[in-house]
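Structure first, commentary second.
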Amino acid sequence: MISLTINGLPVSVEEGTTLLEAAQFLGFPIPTLCHMEGLSPYGACRLCVVQLGDGPKARLVSSCTYPAQEGLKVRTASARVVRARKMILELLLASCPQSKIIQDLASAHQVSQQRFRQEHEDCILCGLCVRMCEEQMMAKAIGFRNRGERRSIGTPFDIKSEQCRLCGGCIYVCPACQLRCTYTEPDKAICGGCANLSPPCVEKEQFDDMMCYMNPCVACEIEKD
Amino acid sequence: MKAEEVLSIIDRHQDQGDGLISVLEEIQSKYSYLPPEALKLVAERTGRSPVDVYGVATFYKSFSLKPRGKHLCSVCMGTACHVRGASAVAQEFTRQLGVKPGETTPDREFSLETVNCLGACALGPVAVVDGHYFSNVRSSRVKQIITDTRAGLDDAERRADLRDFILNVSCSRCNRSLMDPDHPIDGSPSIRVTAAFERTHGWLRLSALYGSFTVESEYPIRTDVLVDFFCPHCHTELQGASHCPLCSAPMVSMIVRAGGIVQICSRRGCRGHILDLNGSGF
């Protein structure tokens with residue numbers, strides 16, 4: 001057993017436990033996006049940052065990939081951690097504002113605006129679908145391709161993979177395309193949009209009570225032609 | 001692309017365990033790019049998922065999924081090269097070849113690419129064509145580089161290699177030739193002298209190729225032994241006036257027929273030598 005303290009509370013966990021699991025065991029909430037039980041930890045979204053140690057040597061690590069170690073002092077909601085999390089959420093909102101999951105997370109952390117150039121990506125490269133396909137569906141039909149800013153997820157050569165059984169697992173776990181607010185493209189609406197209305201919020205003004213947390217809502221903003 | 005060829009490449013790397021990158025490199029060097037069918041074969045043969053192989057092939061910039069030209073021109077765009085005008089060089093390549101970086105000429109002769117750093121920053125701007133490094137490239141030199149490449153860079157380099165000439169030497173006293181055409185070393189007549197060391201003496205043949213240190217001897221000479229050289233015709237010692245700049249052993253001097261003298265170190269294993277083609281150091 002390994003003893004460590006999380007937010008001042010001592011806890012003993014078995015070897016191999018991650019900090020995220022230890023914190024969840026004690027009931028400390030840590031937001032996650034690319035983490036899912038049953039899939040290997042990946043540490044892509046960095047939302048689960050926690051602070052290790054204190055003083056000038058304190059550092060931030062992703063709790064979903066960090067194994068518990070003897071004598072660690074972990075803080076899950078220090079000012080630095082909260083600041084880092086808010087920044088990560090702003091960056092996520094900047095790349096993928098239409099995701100309901102990201103919007104909800106932003107709202108829960110009192111992030112209602114982001115300061116960066118607004119983009120509308122379909123993917124945040126969290127790798128959930130890749131791990132789902134490989135580890136749960138045993139298919140390994142999709143994977144990462146290229147690198148740097150050209151990195152993307154898909155099948156080799158963008159053609160239908162022989163390994164793919166069309167199980168839909170990748171779509172099910174995707175935080176970016178699941179429950180996507182499709183205001184800007186109402187024709188392609190499949191999910192119900194940000195207000196969980198059907199048809200999606202075609203005319204924004206009518207839905208003052210919709211569950212969009214952005215102020216102003218960048219997802220629903222129609223791009224000026 | 002032939003499936004058997006690819007399969008034999010894969011099989012050759014089987015014992016290396018995770019040899020995916022080596023396999024892909026070899027396939028690429030054979031076909032100058034990675035054909036999709038080859039990637040599929042690699043995945044099947046090594047039991048990997050095609051997406052893994054494809055991921056590796058697209059991750060590294062040195063792998064290309066599009067056919068590349070016979071000659072690959074890489075222009076360094078690293079910081080050091082950039083500030084010394086690499087972008088002008090790249091532009092000149094683009095202008096001369098008529099393709100943008102990352103593209104291949106329609107005749108499949110040249111591929112142009114820009115790279116981030118070749119690790120030769122002191123020589124910048126650097127361009128590499130078919131593994132030959134060109135340093136301090138100016139846009140005015142680009143045309144010549146392309147012409148040389150078309151003619152064959154290996155030949156051009158051999159012609160420019162100053163080490164590749166044969167010294168025709170003779171005794172400094174009797175002026176008779178020391179060359180021995182009957183016993184070639186390195187494909188050219190050797191230099192024959194009489195060597196004396198540690199109470200033995202016998203013939204010693206040196207390569208006449210300047211820069212080659214091949215030696216044949218009647219008796220084996222241990223390293224670091226000082227050898228006295230004698231002319232086989234007049235039996236005079238071929239004693240030089242100076243000492244070796246590397247190990248300060250006495251030098252052996254011979255006259256170069258073309259004019260000048262060559263001095264070599266008399267210590268076995270030492271590579272100290274002085275070539276003075278004007279003869280002023282005599």
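Within the option set B:160, B:156, B:151, B:90, being modelled with pLDDT of 90 or more and either within 26 Å of the chain's Cα centre (by Cα) or closer than 30 Å to residue B:210 by Cβ (or both) holds for one residue only, B:90.
Would you call residue B:122 within 21 Å of residue B:74 (Cβ to Cβ), modelled with pLDDT under 85 and in a helix (DSSP H, G or I)? No. When the residues of the range B:30-51 are filtered to those that are closer than 18 Å to residue A:146 by Cα and hydroxyl-bearing (Ser, Thr, Tyr), the one that is nearest to the other protein chains (Cβ to nearest Cβ) is B:49.
Within 14 Å of chain A (Cβ to nearest Cβ), within 30 Å of residue A:164 (Cα to Cα) and either surrounded by fewer than 17 Cβ atoms within 10 Å (Cβ to Cβ) or touching a Cys at 6+ places or on another chain (Cβ under 7 Å) (or both): is that true of residue B:54 in this structure? Taking the combined requirement at face value, the residue does not satisfy it. Of all the numbered requirements in (1) at pLDDT 90 or above; (2) in contact with a strand residue (DSSP E or B) (Cβ under 8 Å, 6 or more places away or on another chain); (3) within 14 Å of chain A (Cβ to nearest Cβ), residue B:102 misses one, and that requirement is (1).
In summary, residue A:62 fulfils each of the numbered conditions (1) of a type outside the set (A, V, I, L, M); (2) touching a residue at least 24 places away in the same chain (Cβ under 8 Å); (3) surrounded by 17 or more Cβ atoms within 10 Å (Cβ to Cβ) with the single exception of condition (2).
Each residue in the range B:209-219 was checked for being at pLDDT 85 or above and not in a strand (DSSP E or B), and 2 pass.
Working only within the range B:57-80, note down all residues that are away from chain A (no Cβ under 14 Å) and hydrophobic (A, V, I, L, M, F, W, C).
Filtering the range B:57-80 down to residues away from chain A (no Cβ under 14 Å) leaves B:67-80.
If the condition is that a residue be away from chain A (no Cβ under 14 Å) and hydrophobic (A, V, I, L, M, F, W, C), then B:72, B:73, B:75, B:76, B:77, B:80 are the ones that fit.
Annotation: of all residues in the range A:146-160 being at pLDDT below 90 and not in a helix (DSSP H, G or I), the one that is nearest to the other protein chains (Cβ to nearest Cβ) is A:155.
The values are calculated or read from the model by the stated rules, or taken from the named source; none is laboratory data. Bear in mind that the values here come from a model prediction, so they are computed numbers and not experimental data. Glycine gets a Cβ as well: all are built from the backbone with ideal geometry, and neighbour counts include every protein chain shown.
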